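Right, one structure below, let's go through it.
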Amino acid sequence: MKPEHVDVLIVGAGAAGMMCAIEAGRRGRSVRLLDHARAPGEKIRISGGGRCNFTNLGTGPGNFLGENPRFATSALRRFTQHDFVKRVDKAGIAWHEKTLGQLFCDDSAKQIIRMLTDDLREAGATLSLGVSVDRVARAGDGFEAALSDGSTVRCASLVLATGGKSIPKMGATGWAYETAKGFGLRVTETRPALVPLTFEPGLLERLKPLAGVSVEAVVSHRPDPASTGPKGGRPNKETRFAEGLLFTHRGLSGPSVLQISSYWREGEAVSVSMAPGVDVFAALKAMKAENGRQAGHTALGHLVPRRLAEVLVEQERAQGNLADLPDKALRRLDEAVNGWSVKPVGTEGYRTAEVTLGGVATDQLDQQTLAAKTVPGLYVIGEAVDVTGWLGGYNFQWAWSSGWAAGQAC
């Protein structure tokens, strides 16, 4: 069987891969887009509770992590969140803004996938599903890929767009990283990100009554200086997120915890304020003066959820009526609510992680085109790159922007 010849072979029909294929096709390039899944855009389909948090109005370089978060600046500025919103509007997809600039479809994430697949067809790109790459190698000035269906494709440009390792049940693997390494590119440490944190068994037992309790919280973290700096990928300063927090059977989850998980490392603590902006000591003192006969957990229950109040009062040995509690007991409750420092032992891993932190090192790639500096014709886009966004639509915007940038060049 003779090899098929195309200008561009893109592996991975997710957000970045489809965007890249559309842009390359619109430039008149012959494009083949492959994915081992049976449907394109599976992460898009499940995101945002099925409504796809497709971008964030506040997207900027400061919303990303990596060895060099500024690497994302060029692509993000050349194809912005507002550019993608225009495409969504042109497709007639109704959307709404939730908190913190997050944009969601009014109806279904499938509308975004349909918009992209319609654009793929109009751009003349060929989409091949249920097909993977068995091996790929240099062939002259281009590349040759042996596919799982027994066919061979030769291309001038090869684009790695298969994402990271998160959500393996959907078929996620480290293929892009291994392929990049095979071509001599450096790959940074990869780990689960935007993922729930887990506790040791003793602490879990003490917090067992809180499973399912949620609060609006501020979660902060200050990293170990030894693991920050140019190659650490984390800022050497305190990071804080003010969003929801959820106690689980394994530890902590909720938006604020998922956000901080991208910065946290094993052995480090996180600090939690569960009544941010409230002077708990002063509030309890006032309640004591007004009605000293009410129980401590009843009073604290006016400031935090009742179950949480009961656990904290027992933990701090502050049972009894407010009138019987000295100031030092009230201060302990204040500290327990707004100064809780806890050391998680791990995360729930790639199984529940929304993205993968780390990836193909940005110093290996051209920031304007996402092309490999040492391998002409090779491009790496989306989650496979060491650019990781916050929770809230930022990672999708990086996918759109990086896919668009590569699509102008490949």
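The values are calculated or read from the model by the stated rules, or taken from the named source; none is laboratory data. All values reported here derive from a predicted model rather than from experimental measurement. FYI the Cβ positions are ideal-geometry reconstructions off the backbone, even for glycines, and counts take in every protein chain you see. Areas reflect the complete protein model, heavy atoms only, side chains present, ligands, DNA and RNA absent. Shrake-Rupley method; radii C 1.70, N 1.55, O 1.52, S 1.80 Å.
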Given the criterion over 30 Å from L365 (Cα atoms) and either in contact with a Cys (Cβ under 7 Å, 6 or more places away or on another chain) or not small (G, A, S) (or both), identify the matching residue among F71, F79, F54, F104. F104
Test F71 against the criterion of being more than 15 Å from the chain's Cα centre (by Cα), of a type in the set (F, W, Y) and either surrounded by 20 or more Cβ atoms within 10 Å (Cβ to Cβ) or within 28 Å of V133 (Cβ to Cβ) (or both), and give yes or no. yes
Name the single residue that is surrounded by the most Cβ atoms within 10 Å (Cβ to Cβ) among those in the stretch 142-166 being within 17 Å of G130 (Cα to Cα) and β-branched (V, I, T). T162
Among the strands (runs of 3 or more DSSP E) confined wholly to the stretch 9-99, which include 2 or more residues that are at pLDDT 95 or above and touching a helix residue (DSSP H, G or I) at 6+ places or on another chain (Cβ under 7 Å)? 31-35, 53-56
What about R191, is it closer than 14 Å to T356 by Cβ, among the basic types (K, R) and in contact (Cβ under 8 Å) with a residue 60 or more places away in the chain? yes
Residues satisfying the stated conditions in the stretch 256-287, i.e. of a type in the set (G, A, S) and exposed (fewer than 15 other Cβ atoms within 10 Å of the Cβ): G267, A269, G277, A282, A286
Is it the case that some residue within the stretch 17-29 is touching a strand residue (DSSP E or B) at 6+ places or on another chain (Cβ under 7 Å), farther than 30 Å from R351 by Cα and open to solvent by 50 Å² or more (accessible area, probe 1.4 Å)? yes
Specify which of the listed residues (D119, D134, D149) is within 23 Å of G407 (Cβ to Cβ) and either charged (D, E, K, R) or modelled with pLDDT of 95 or more (or both). D119
Name every residue in the stretch 136-186 that is of a type in the set (G, A, S) and assigned to a strand (DSSP E or B), in order of residue number. A137, A139, G142, A145, A146, A156, S157
Anything in the stretch 184-193 that is in contact with a Gly (Cβ under 9 Å, 6 or more places away or on another chain) and either open to solvent by less than 10 Å² (accessible area, probe 1.4 Å) or among the small types (G, A, S) (or both)? List them, or say none. A193
Looking only at the stretch 283-324, how many residues end up being in contact (Cβ under 8 Å) with a residue 40 or more places away in the chain and either at positive phi or not in a helix (DSSP H, G or I) (or both)? 2
Give the residue, chosen from K110, K181, K169, that is surrounded by fewer than 18 Cβ atoms within 10 Å (Cβ to Cβ) and in contact with a Cys (Cβ under 9 Å, 6 or more places away or on another chain). K110
Considering residues of the stretch 289-300 that are within 14 Å of A336 (Cα to Cα) and out of contact with any strand residue (DSSP E or B) (no Cβ under 9 Å at 6 or more places or on another chain) only, the residue surrounded by the most Cβ atoms within 10 Å (Cβ to Cβ): L300
Residue among V213, V136 that alone is surrounded by 15 or more Cβ atoms within 10 Å (Cβ to Cβ) and closer than 30 Å to Q315 by Cβ: V213
